[in-house]
């Protein structure tokens, strides 16, 4: 009797990675931004925001490199070029969101 392993893109680790970079990480980032806006505590929540933003990008890399991650629109397997585009776009967006929140909070 032959048992087959699920492809790495379909195993539970790959699924958890995908869930983190697509959903959970962004929810945590949103919560951090809300807490920065509410409390102004940039050291605690700003640090959390930066750490989570970095982990989202790193987890996306791991998903593509080691778990045969797919593109976000599920149109096929993602490549390292897709990761480079994602990393650049995400970095710019995450940084701009943080700058805007801090600027708005310091103004009011």
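Read-outs: derived from the displayed coordinates by stated rules, not from any lab. Owing to the predicted nature of the structure, the values given are computational and were not obtained by experimental measurement. Cβ: placed from backbone, ideal geometry, glycine included. Neighbour counts: every protein chain shown.
Every condition in (1) within 16 Å of the chain's Cα centre (by Cα); (2) within 19 Å of residue 14 (Cα to Cα) holds for residue 48 except the one numbered (2). When residue 43 is tested against (1) closer than 20 Å to residue 14 by Cβ; (2) part of a helix (DSSP H, G or I); (3) out of contact with any helix residue (DSSP H, G or I) (no Cβ under 7 Å at 6 or more places or on another chain), only condition (1) is not met.
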